[in-house]
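The values are calculated or read from the model by the stated rules, or taken from the named source; none is laboratory data. Quantities reported herein were computed from a predicted structural model and do not represent experimental measurements. Ideal geometry is used to build each Cβ from the backbone, glycine not excepted, and the neighbour counts take in all protein chains shown. Calculation scope for accessible area: heavy atoms of the full protein, side chains included, ligands and nucleic acids excluded. Shrake-Rupley method; radii C 1.70, N 1.55, O 1.52, S 1.80 Å.
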Amino acid sequence: GLYYAINFLRENAGIDNLSYLSSPFLLITIAVYWIQKKNEVLTPEEENKLLRWFYLAHMRGHYSMGSSESILEADLGVLFRGKTLDDLIQQLLLHVKKSDVDSDDLFGRGIRSPFFSMLYLVLKAGGAKDWFTGLPLSQNHIGKSHSIQFHHSFPKALLKEKNFDRKDINELANMAFIGGKTNRKITDKAPEIYFKKIIEEKGEGALTSQLILMEESYWNIDNFLVFIQKRRELIAEEINKFMKKFE
């Protein structure tokens with residue numbers, strides 16, 4: 001069952017690194033559901049519902065909202081009683097209270113938030129690529145120069161010089177995902193400089209696919225707080241659009 005759950009998340013949910021999971025208990029629930037199916041093939045509808053449950057449980061930190069063991073026991077109780085995925089999703093919604101994401105959910109969230117890995121998954125599913133190599137986002141690339149790293153769109157060094165708050169600097173709305181070599185190539189260049197170079201070499205799509213605002217006034221460091229506020233809104237909108245596919 002656990003082998004199935006791991007393969008399901010890798011191949012169906014796009015999880016190319018299990019460390020992204022907000023809890024390993026997510027695997028157990030999926031494993032038990034498959035076992036309860038007695039190894040039958042999931043229908044497309046069941047697959048969508050299981051993916052919806054997984055993404056929502058992951059990004060909302062379902063198993064971190066109280067006693068993890070008690071929450072897992074309640075979820076497994078639904079499955080052992082022969083209930084459906086609809087029942088499992090309904091129980092999840094009663095616990096996390098909220099399905100849609102808004103910009104307030106993302107305010108102050110950093111790389112340890114499940115919303116950070118959710119952003120990666122959404123961008124990856126949307127076809128986002130490295131800004132210079134053009135390789136799709138993936139943790140399976142060979143070589144350190146192509147391994148995916150998170151990158152501060154507005155470099156930390158520049159923001160520290162302007163005395164921006166550390167929490168704002170490290171917020172996920174300031175993060176993009178690129179390869180190691182690209183990260184070193186950009187170093188601490190200002191966005192208004194390196195964004196233009198990316199557009200010249202790869203086109204606007206390289207930036208818009210990572211939800212970077214295209215209005216150049218937002219690229220000025222003095223507008224950094226406006227940039228992350230607007231990008232929060234874009235990220236929330238994109239996550240909700242992604243989740244709609246599984247309803």
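For segment 60-87, how many residues are over 24 Å from Tyr20 (Cβ atoms) and in a loop (DSSP other than H, G, I, E, B)?
4
Report, by residue number, each residue of segment 28-44 that is open to solvent by less than 40 Å² (accessible area, probe 1.4 Å) and among the hydrophobic types (A, V, I, L, M, F, W, C).
Of segment 28-44, the ones open to solvent by less than 40 Å² (accessible area, probe 1.4 Å) are 29-33, 37, 42.
Once the filter is applied, which keeps residues that are open to solvent by less than 40 Å² (accessible area, probe 1.4 Å) and among the hydrophobic types (A, V, I, L, M, F, W, C), segment 28-44 yields Ile30, Ala31, Val32, Leu42.
Could you check segment 48-60 and list, in sequence order, the residues that are open to solvent by less than 20 Å² (accessible area, probe 1.4 Å) and more than 22 Å from Gly110 (Cβ to Cβ)?
Correct list: Leu50, Leu51, Trp53, Phe54.
For the condition out of contact with any Lys or Arg (no Cβ under 7 Å at 6 or more places or on another chain), among the acidic types (Asp, Glu), open to solvent by 50 Å² or more (accessible area, probe 1.4 Å) and farther than 30 Å from Ile89 by Cβ, what is the one hit in Glu233, Glu201, Glu238?
Criteria check complete, one pass: Glu201.
Filter segment 209-221 for residues that are touching a residue at least 60 places away in the same chain (Cβ under 8 Å) and assigned to a helix (DSSP H, G or I) and give the result.
Ile221
Inside segment 102-131, can you point out the residues that are of a type in the set (A, V, I, L, M), over 18 Å from Arg60 (Cα atoms) and open to solvent by 20 Å² or more (accessible area, probe 1.4 Å)?
Result: Ala125, single match.
The rows are residues; the columns are (1) farther than 29 Å from Arg109 by Cβ; (2) exposed (fewer than 14 other Cβ atoms within 10 Å of the Cβ).
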residue: Ser22; (1), (2): no, no
residue: Phe25; (1), (2): no, no
residue: Glu46; (1), (2): yes, no
residue: His62; (1), (2): no, no
residue: Ser67; (1), (2): no, yes
residue: Asp75; (1), (2): no, no
residue: Asp86; (1), (2): yes, yes
residue: Ile89; (1), (2): no, no
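With the structure loaded, tell me whether Ala206 is in a helix (DSSP H, G or I), touching a residue at least 12 places away in the same chain (Cβ under 8 Å) and either in contact with a Phe, Trp or Tyr (Cβ under 8 Å, 6 or more places away or on another chain) or open to solvent by 10 Å² or more (accessible area, probe 1.4 Å) (or both) or whether it fails that test.
Here the answer is yes, as Ala206 does meet what is asked.
What number of residues in segment 94-128 are under 23 Å from Glu45 (Cα atoms) and without any contact (Cβ under 8 Å) to a residue 24 or more places away in the chain?
Residues meeting the conditions: 1.
Take segment 105-127 and flag every residue that is among the small types (Gly, Ala, Ser) and not in a loop (DSSP other than H, G, I, E, B).
Ser117, Ala125
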